[in-house]
Amino acid sequence: MNSIFSLAAVKKSYTGRLILDVEQLDIFNGEILAIVGPSGAGKTSLLRLLNFLESPDSGNIQFKDQPAGPQLPLDIRRQVVTVFQRPALLHDSVENNVALGLRVRGARDAHDQIQTVLERMGLQKLRKAHAWTLSGGEAQRVALARAIVVRPSVLLMDEPTANLDPYNIELIEKEVRQINQSEKTTIVLVTHNIFQAKRLAHRIALMLNGKIIELAQTRSFFESPQDARTRTFVNGEMIY
Amino acid sequence: MQIIWNGIIGGLKLLFTGDPYLWGILGVSGKVSGIALLISSILGIPLGAILGLLHFRGRRLTQALIYTGMGLPPVVVGLAVYLLLSRHGILGPLNWPWIPALFTVQAMIVAQVIIATPLVVGYTMAAVSAVNPDLRLQLQSIGATRLQISFYILREARQGVIVAIVGGLGSIISEVGSVMMVGGNIEGSTRVLTTAIMLETQEGNWDKAIGLGIVLLFLSFLINFSVTQLQGREN
C-alpha cells in the first residue's frame, strides 16, 4: 500500500516537555487508522503535526512524498482537514457553517454539494437553524459536514464522538465508513473508545508517553497483541 | 422649578419649530463627530483586530498604552492639540496647507479623533480576544488563509465592534473640553451641542440650553437603542 504520510524520528516538545517521540509511522492511502491511548499520550499533538498546524522540533514528515509542515503550499495543506473534539462553529446558520470550507476555497455555486452533505448528516431540517441552538451531537455533525464537504484526501478526527449519545455516534461512524469506502478518504481517528476503534479502523496504534507502543491490523491488535501494555489496554485496564 | 419647566417647554418648541440656530449647531456637531468617528473607526478597528489577534513582543505595553488612551481627559487632549496647532506651537509655524488651523472644524476633528481612537481600538481588541480561541485553529485546519481567519474572527466579534464604534461616538458627541479649547465655540462655525449648552446656561437662556440638552440626551438614547436592537437581532 502507498503511504500518504510517512513520519521518521519525529519529536515535539512543549515548554521543555517531550510530548511526541515517533520513531516511524506510515499512514496508508485510503485506510482508517485509529490512534488510541490514555490522555496526554501525544495523540492530539500528532494530529496537529499531520494537519500542518505545527512543525516538529526534529525529524521528518512526508505528505505525498513532500516534506510536510506549515510551509507547504495552501492547495496541498487544504487536502487535510481535522474534526476537533469540541467544534467551534461560526455565529451563523448550519448551512453557512457547512459552506465555510468551500467559501475559503473560493468555490461558487456549491449549493447542491452542501445540500447533499446536509442530507447525509441528517441536518437538512436544521439547515437554517442558528449554530448556537444546536445540541452537542448536532454541532459535531455540522463540524463533520463542514470537513467532508471539501472532499479532503485525509480526514483527521480528534475524539469526534466523545460525550455524544448513541444516535449521533452511529450517524458519525456511518459517515466515516461511507467516505472512506466511497471516496477513499484516508482517516486518522484519535479515540479513547477502543470499541469504536475496533468497529471502524483497519489498523490501530497504541500511544503512550508520546511513543507508538504497538501498531497492528485491528484483528491482531485485539487478538494477539505483541506488547504487554497493549494487552492491558485492550483488556480495559489503565496503563500509564 | 418654574424656570426649568419653562425651559423644557421652550426647548421642545425650538426643536419642533425647526429653529435655525439649534439645527445649525446640530449640523456642526454631526459633521465634527461623524467625520471624527469615521476616521477613528478606519484607524481603530484594524488596529484593535491586530492587537487582539497577534502575539508579538511589546503587545502588553501597547495594550497598556491603549488602555491609558481610553481614559484620556478631553481637556488634556484639547490642550495638546492647541499646543500642536497654535501659531506659536509645534506644527502651526510650519504653515503646511494640510495642517488645520486652530478654531476650525478640522482642528476639532483632530481632537475628537485622538479621544475616540483608543476607545475604538480597545473595545475592538477586547471583542476580538473574546472570540473562542479554538475557532482560529479550526479555521486554519479547514484551509483558511491568515486574512480569511482575521476576517471571520472579526466577523464573530462584530457585536463588540459595534459597541466599540458606539463607545467612540458616545465619548466625542458629549465631550466639551477639547472642542471648546480648539474650536473656540464660534457661532455658525465651530459651535457644537455641548459648547452651546455651556454658553446658553451661562447667559441664562434656559430654553435654548434645555432644548439642546434634550437633543443631546435623545441622540444618546437613539444610539444606545439602535445598538440594543442590533444586539437583540443578533441573539
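Derivation of every value follows stated rules applied to the coordinates shown; laboratory data play no part. Keep in mind that this is a model prediction, so the values were computed, not measured. A quick note on method: Cβ atoms are made from the backbone with ideal geometry, for glycine too, and the neighbour counts reach across all protein chains shown.
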Check whether at least one residue in the stretch A:63-71 is within 29 Å of A:Phe28 (Cβ to Cβ), touching a residue at least 60 places away in the same chain (Cβ under 8 Å) and either surrounded by fewer than 21 Cβ atoms within 10 Å (Cβ to Cβ) or facing chain B (nearest Cβ under 10 Å) (or both), and report yes or no.
yes
Across the stretch A:149-180, the tally of residues that are free of Cβ contacts under 8 Å to residues at least 40 places away in the same chain and either under 19 Å from B:Gly143 (Cβ atoms) or in contact with a Phe, Trp or Tyr (Cβ under 9 Å, 6 or more places away or on another chain) (or both) stands at 2
A careful count of residues in the stretch B:27-54 that are closer than 14 Å to B:Leu212 by Cα, crowded, with 19+ Cβ neighbours inside 10 Å and out of contact with any Gly (no Cβ under 9 Å at 6 or more places or on another chain) gives 1
B:Val176 vs. criteria within 14 Å of chain A (Cβ to nearest Cβ) and closer than 25 Å to B:Val110 by Cβ
no
Flagged in the stretch A:15-29 as farther than 18 Å from A:Glu214 by Cβ and surrounded by fewer than 18 Cβ atoms within 10 Å (Cβ to Cβ), in numbering order, are A:Thr15, A:Gly16, A:Arg17, A:Leu18, A:Asn29
Select the helices (runs of 4 or more DSSP H) contained entirely in the stretch B:117-235, then report the ones holding at least 2 residues which are crowded, with 20+ Cβ neighbours inside 10 Å, without any contact (Cβ under 8 Å) to a residue 12 or more places away in the chain and not charged (D, E, K, R).
B:133-142
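Listed here are the residues, each with its yes/no results for (1) charged (D, E, K, R); (2) farther than 20 Å from A:Thr186 by Cα; (3) more than 18 Å from the chain's Cα centre (by Cα).
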residue	(1), (2), (3)
A:Gln24	no, no, yes
A:Ala41	no, yes, no
A:Arg48	yes, no, no
A:Leu53	no, no, no
A:Gln79	no, no, no
Which of (1) more than 12 Å from chain B (Cβ to nearest Cβ); (2) over 30 Å from A:Ser3 (Cβ atoms); (3) of a type outside the set (Lys, Arg) does A:His91 not meet, given it meets every other one?
(1)
